[in-house]
Amino acid sequence: MSVNAEQQALFDLISMAVAQGVLRKLVLSSPQKEAPAPRQSGKLCLLRGERVLMLESAFEGGRVSQRLYRGSQLAEELPALLSAYKQVNLLTSAGDAELRTSKKGKCTLIGGNALRARLQGELQELAHFDLPIDREKRRLLSGEEPFLQALGISDKNGRVHDKRQAKFRQINRFLEHLESVYSALPAEGELTVYDLCCGKSYLSFAVYHYLTAMRHRTVHMTGVDLKQDVVAECNKIAEACGFTHMHFLYGDVRTTVPDKKPDMVISLHACDIATDIVLERAVALGADVILSTPCCHRYLSHRLSCEPLAFVADHPQLRGKLCEALTDGLRLLRLEMSGYTVSAMELTDPENTPKNTLLRAIRCRDFDPTSKEAEGKRAAYRATLSYLLGKGADTYLEEI
């Protein structure tokens with residue numbers, strides 16, 4: 001496919017932006033009918049100290065591939081690649097340019113002259129501009145993933161909406177936590193994952209994408225929630241994204257979850273004792289990994305009966321914070337006595353959400369529930385309940 005003057009001009013701008021280190025993003029969308037191609041996006045990367053362009057292609061079913069263009073490769077292949085798309089957007093720290101091709105084949109380069117003037121005339125100033133590759137933290141998701149667009153996190157060009165930036169960071173951070181425990185999952189075979197009290201299922205889609213597109217695993221994902229309309233919408237999105245082994249069920253997690261042992265159970269912001277119900281179900285099914293972010297710690301706040309802690313509990317502002325920490329501590333004790341190695345972690349930046357504690361549990365393969373160690377942990381849990389709740393300890397165990 002031949003390259004016209006406008007396409008060549010845009011290529012020259014891309015080359016200059018790469019060389020100067022000011023390219024922020026390159027988006028190739030709306031492929032020509034005669035040259036079908038996947039949607040692609042590019043960003044700067046450093047390869048052995050050299051600035052290179054990395055293009056990521058997004059295919060149906062969530063599969064992605066990446067390729068680096070350096071030196072002569074950029075000049076030899078990129079111009080022809082640009083001609084295969086009706087719309088190409090170049091975003092830089094010096095300004096933006098857009099190449100559009102009409103139905104009749106006429107190409108128009110918007111913002112090209114102004115961007116060229118800046119790149120040629122302000123090189124000294126731009127050289128000190130913070131580069132995305134130097135400044136931004138590496139994220140597992142870019143915003144261009146089809147499921148993020150379907151969920152309303154980003155637009156069709158892969159730009160994350162301003163009001164969804166916090167949610168985008170939260171999803172990325174959760175995947176980083178998942179990446180840190182990936183080795184605790186079975187190394188081979190299919191993976192079974194449950195999202196209990198899944199709600200709008202942002203994490204379900206992100207986890208499915210990570211495990212299938214980035215880890216190349218076959219995954220059977222089931223989400224369960226009591227909101228029937230939300231469940232129906234999630235099933236539509238899963239089908240639209242080509243997530244063939246992802247399904248959402250309407251019902252109570254205590255009775256609706258399949259009896260098959262899950263490799264992992266996740267849960268985001270299940271309210272109050274719903275988190276306890278999720279954790280109990282995950283333990284009963286023998287999940288290898290549990291990642292849960294609690295929400296609304298009201299139950300213990302209404303029942304706390306511990307005179308030594310009255311100096312804190314008597315002040316409503318402090319009582320809530322105290323019971324939040326105590327509730328999550330009790331949950332970790334309960335998981336630990338059930339044979340899990342546990343930890344409480346910060347999910348994401350506190351500015352993104354006040355509900356920011358992630359409970360992480362990894363099942364101990366050699367755990368013996370009849371051992372003295374296991375009995376000691378159960379005794380410690382019961383003693384802690386009695387200390388905090390007095391006579392209400394037995395009721396607590398029954399209600400959750």
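Based solely on its DSSP helices, what 222 nm [θ] is calculated for the chain when runs of n ≥ 4 H residues each add -39,500 (n - 2.57) and the sum is averaged over all residues, nearest 500 deg cm²/dmol?
Using -39500 (n - 2.57) per qualifying helix, the result is -11500 deg cm²/dmol.
Quick check: convex hull over the Cα atoms of the range 5-129, volume per residue in Å³, rounded to an integer? Don't skip to the answer; put the middle values down first.
Values: hull volume 12.8 nm³, N = 125.
Dividing the Cα hull volume of the range 5-129 by its residue count gives 103 Å³.
Leaving out same-chain residues fewer than 8 places away, which lysines sit with a Cα under 20 Å from that of LYS236?
Cross-link targets: LYS156, LYS200, LYS227.
Angle between the Cα long axis of helix 165-181 and the longest principal axis of the chain, 0 to 90 degrees, nearest 10?
Its long axis makes an angle of about 70 degrees.
Remind me, what semi-axes does the range 177-263 give for its equivalent ellipsoid, largest first in whole Å, using sqrt of 5 times each Cα gyration tensor eigenvalue?
So the three semi-axes of the range 177-263 are 21, 15, 11 Å.
Could you tell me the number of lysine pairs in the range 5-129 with C-alpha atoms less than 19 Å from each other, where the two lysines are 8 or more residues apart or belong to different chains?
Here the count comes out as 9.
On a 0 to 90° scale, report how tilted helix 316-337 is relative to the longest principal axis of the chain, with both axes built from alpha carbons and the result rounded to the nearest 10.
Approximately 80 degrees, to the nearest ten.
Please report, in debye to the nearest 20, how large the charge dipole of the chain is about its Cα centre when each Lys and Arg carries +1 at its beta carbon and each Asp and Glu carries -1 there.
800 debye
Taking all pairs of distinct Cα atoms, average 1/r, flip it, and tell me the Kirkwood hydrodynamic radius of the range 171-399 in Å to one decimal place.
Values: mean 1/r = 0.0540 Å⁻¹.
Result for the range 171-399 stands at 18.5 Å.
Using every alpha carbon pair in the range 144-214, what percent of pairs falls into each 5 Å bin from 0 up to the bin containing the largest distance?
Values per bin, smallest distances first: 3, 15, 25, 25, 16, 10, 5, 1.
Hey, could you grab the Kirkwood Rh for the range 71-115? Inverse mean 1/r over distinct alpha carbon pairs, Å, one decimal.
Every distinct Cα pair counted, the radius reaches 11.6 Å.
Which whole-percent values make up P(r) of the chain when all C-alpha to C-alpha distances are grouped in 20 Å steps starting at zero?
Per 20 Å bin, starting at 0, the Cα pair percentages come out as 24, 45, 25, 7, 0.
Hey, what do the phi angles of the range 234-250 turn into as Karplus ³J(HN,Hα) couplings, whole Hz, using 6.51/-1.76/1.60 and θ = phi - 60°, x for Gly and Pro?
After applying 6.51 cos²θ - 1.76 cosθ + 1.60, I find 5, 5, 5, 5, 4, 5, 5, 7, x, 7, 5, 9, 10, 9, 10, 10, 8 Hz.
Roughly how tilted is helix 273-285, in degrees to the nearest 10 and between 0 and 90, from the longest Cα axis of the chain?
90 degrees
Once Lys and Arg get +1 and Asp and Glu get -1 on their Cβ, which of MET246, LEU115, VAL193 lies farthest toward the positive end of the dipole of the chain?
Toward the positive end, the furthest listed residue is LEU115.
Please work out the FRET efficiency for the pair GLU239 and LYS104, using the Cβ-Cβ distance as r and a Förster radius of 22 Å; give the result to the nearest 0.05.
Efficiency at R0 = 22 Å is approximately 0.05.
Each value in this text was obtained by applying a stated rule to the coordinates, not by laboratory testing. What you are looking at is a predicted structure, and each value in this text was computed from that prediction instead of being measured. Positions of Cβ are backbone-derived with ideal geometry, glycine not excepted, and every protein chain shown enters the neighbour counts.
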